[in-house]
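J.: Would you mind keeping the following structure in view while I ask a few things?
Read-outs throughout are calculated quantities, based only on the coordinates presented, and are distinct from any laboratory measurement. These figures come from a predicted structure and were not determined experimentally. Every residue, glycine among them, receives a Cβ derived from its backbone with ideal geometry; neighbour counts consider all protein chains shown.
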Amino acid sequence: MKTLQTYNLEHILSKNLKKYNCRIKKNFLEVNKIQKNKKLKIIKIPKKISISPEAVGLIVGEGYLGGRSFIFANSNENAIKIVLKFLKQFKIPIRIYLEISTKNTHKTFLKNCKKYWEDTLHINLTRIRERKEFNNITKHGTIHICINGKIICELINFLIKDSKQKMEKNKKLAIGYLKGILAAEGNINAKSSTKCLYMVRISASKKEEREHYKRCLQKGGIDIYCKDMPTVSKEEARKKGWKTTKGRAGCVIISKWENFVKILELNLLEINEEKREKFIKHFINNKFTRQFLSFKFFLDKKFTMKEAQKLFNFKGRKVDRVLTLWKAEYLKRYETKPNRFKYKLTKKYLKLYKKINSEINLFKNK
């Protein structure tokens, strides 16, 4: 069940957005700007609004809030549905259009994309922005969700700012929020030589945004070990002699196997299926993941460190792999003689083993 935050809009308008006049009706609020000697349009809004932490993360990552307009653009149907569900509560007109790059695509591509989104969102797309100068990098193009109105935009802005503070203090909210952030701004990186996962990045050009993300990650149980990747401007890129002169947005770097396990266990990539599949594909290529799964040989058996070293041919730094698993509570140990131990797999090991295998099976069946 999703964790929702519910806001009393009459309270927000009277305490935080005082430039608006608010009248309480039976099932809604009538709101207009306070301005003498002028007749201003009155809009009707609900008394309360609920927003999920996933929606907050998606809007923070991919949303644009201007003075009088809000735009959310994404090519993922789950993300689109989450944000639409939030916006529909305001009961105001929502404009939806499709932007699609058609360079080097089949002539039926645009028609198929239009049908896909109309069937998925149960709408009629009346506007399609065709970009003939660009190659397509999405499966079905990008959906843009737009609403207009200063009052609504200021309310959304307040909800997002207030929610971001709460995400840093509550673990459940932080986990849902990170799902939205990773769907919007997350990148999965694997080494080209080994196809192994080595980091998950969260793009953020501003340092204060990166610090905010790190506080939310820590609240969710993910520790950051690497320094942030800094933002590089176009001018700096030219001075460095980069092949591309576009520069680079900064990012928070999530590294280490135990953090990848947390991402897996918390289902932090569940909104964006493509990113989740890429993560699983490269996570199971990691040597430590393969070795972890191989320990199932000892299920319901007690074993010594030498037996494990011999079976798996552990050498060099891998010799102490048993101790690493024991410290992480995937193994229990029993003293048989002074300074002699036997080990046994724990329920924690079996739980993670089943989780990884279920993800592998889902991935293979795609």
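J.: Just to be sure I understand the curve: with the Debye formula and one point per C-alpha of the chain, what is log10 I(q)/I(0) at q = 0.07, 0.09, 0.11, 0.15 Å⁻¹?
T.: Reported log10 I(q)/I(0), two decimals: -0.43, -0.67, -0.92, -1.36.
J.: When only C-alpha pairs under 8 Å and at least 6 residues apart count, what is the relative contact order of segment 287-364, in percent? Please list the in-between numbers first.
T.: On the way: 60 pairs, mean separation 23.4, N = 78.
This gives 30 percent for segment 287-364.
J.: What do you get for the angle between helix 273-283 and the principal long axis of the chain? Use alpha-carbon atoms, 0 to 90 degrees, nearest ten.
T.: 20
J.: Most fluctuating residue of 221, 63, 316 in a GNM of the chain with Cα springs under 10 Å: which is it?
T.: 316
J.: Still on this structure: Less than 17 Å from a label point 7 Å out along the Cα-to-Cβ axis of residue 32: which backbone N atoms in segment 138-166 qualify, by residue?
T.: Counting only backbone N, you get 149-152.
J.: To the nearest 10 degrees, how steep is helix 150-167 against the longest Cα principal axis of the chain, on a 0 to 90 scale?
T.: 20
J.: How do 274-282, 97-105 rank on mean C-beta neighbours within 10 Å, highest first? Write out the running numbers ahead of the final one.
T.: On the way: 274-282: 18.9, 97-105: 16.8.
Going from most to least packed, we get 274-282, 97-105.
J.: Name the residue farthest towards the positive end of the dipole of the chain from the options 323, 175, 113, assuming +1 on Cβ of Lys and Arg, -1 on Cβ of Asp and Glu, about the Cα centre.
T.: Value: 323.
J.: Tell me the label-point distance for the pair residue 205, residue 129, using the 7 Å Cα-to-Cβ offset, in nm and rounded to one decimal.
T.: 1.7
J.: Using the Cα centre as the reference, give the magnitude of the dipole from point charges on the C-beta atoms of the chain (Lys, Arg: +1; Asp, Glu: -1; all else neutral), rounded to the nearest 20 debye. Spell out each step's value before the answer.
T.: Details: 87 positive and 33 negative charges, 83 e Å.
Magnitude of the dipole: close to 400 debye.
J.: Using a 7 Å offset from the Cα along the Cα-to-Cβ direction at both residue 328 and residue 50, what is the distance between the two label points in nm, to one decimal?
T.: Computed distance between label sites residue 328 and residue 50 equals 3.7 nm.
J.: Checking the cross-link filter: which lysines have an alpha carbon closer than 19 Å to that of residue 166, excluding same-chain neighbours under 8 positions apart?
T.: Excluding near neighbours in sequence, the set is 2, 15, 48, 179, 214, 219.
J.: Right, something else. Cα gyration tensor of segment 168-283, axes a ≥ b ≥ c as square roots of the eigenvalues: rounded (a/c below 1.5), prolate (a/b > b/c) or oblate? Walk me through the numbers on the way to the answer.
T.: Details: a/c = 2.07, a/b = 1.36, b/c = 1.52.
Note, shape of segment 168-283 comes out oblate.
J.: Using only the alpha-carbon atoms, how far is helix 53-62 inclined from the longest principal axis of the chain? Give it as 0 to 90 degrees, nearest 10.
T.: For 53-62 against the chain, the angle is about 80 degrees.
J.: As a quick test, which of the pairs 88/191; 287/344; 227/287; 111/150; 114/275; 139/318 have an alpha carbon distance above 31 angstrom in this structure? Provide the component values of the computation, followed by the final result.
T.: Working: 88/191 42 Å; 287/344 21 Å; 227/287 24 Å; 111/150 35 Å; 114/275 23 Å; 139/318 42 Å.
Where the Cα-Cα span goes over 31 Å, the pairs concerned are 88/191; 111/150; 139/318.
J.: Any chance you could list P(r) for segment 233-366, counting all Cα-Cα pairs in 10 angstrom bins from zero, rounded to whole %?
T.: 10, 33, 25, 17, 10, 5, 1
J.: What's the FRET efficiency of residue 150 with residue 105 using the Cβ-Cβ distance as r and R₀ = 45 Å, to the nearest 0.05? Can you show the working numbers first?
T.: Details: r = 39 Å, r/R0 = 0.86.
Calculated value: 0.70.
J.: Still on this structure, I have one more. Highest mean first, what order results for 199-206, 224-231 on Cβ atoms within 10 Å?
T.: The peptides rank, most packed first, as 199-206, 224-231.
J.: To continue, here is another question. Which listed residue (196, 247, 260) has the Cα farthest towards the positive end of the charge dipole for segment 168-283, taking +1 on Lys and Arg C-beta and -1 on Asp and Glu C-beta about the Cα centre?
T.: 247
J.: OK, next. Could you order the peptides 300-306, 169-175 from most to least packed, using the average number of other C-beta atoms within 10 Å per residue?
T.: Working: 300-306: 13.3, 169-175: 17.7.
Most protected by this proxy first, the peptides run 169-175, 300-306.
J.: Calculate, in nm to one decimal, what residue 171 and residue 223 gain on full extension: separation in residues at 0.36 nm each, minus their alpha carbon distance. Working shown, then result.
T.: Values: separation 52, 0.36 × 52 = 18.72 nm, distance 1.38 nm.
Between residue 171 and residue 223, full extension yields an extra 17.3 nm.
J.: Taking the alpha-carbon set of segment 1-122, what are its Rg and Dmax in Å?
T.: 18.3, 58
J.: Need the full-extension length gain, residue 115 to residue 42, defined as separation in residues times 0.36 nm minus the C-alpha distance. One decimal, nm. Let's see the in-between values first.
T.: Numbers: separation 73, 0.36 × 73 = 26.28 nm, distance 3.66 nm.
Computed gain between residue 115 and residue 42 is 22.6 nm.
J.: Which of the aspartates and glutamates could a cross-linker bridge to residue 351, judged by Cα under 15 Å and excluding same-chain residues fewer than eight apart?
T.: Reachable aspartates and glutamates: 258, 265, 300, 329, 359.
J.: Hey, another quick one. What is the spread of the Cα atoms of segment 51-150 along each of their three principal axes, largest first, in whole Å?
T.: 39, 25, 23
J.: Please check: in the Gaussian network model of the chain (C-alpha springs, under 10 Å), which one of 54, 130, 273 has the largest mean-square fluctuation.
T.: Judging by the Gaussian network model, the answer is 130.
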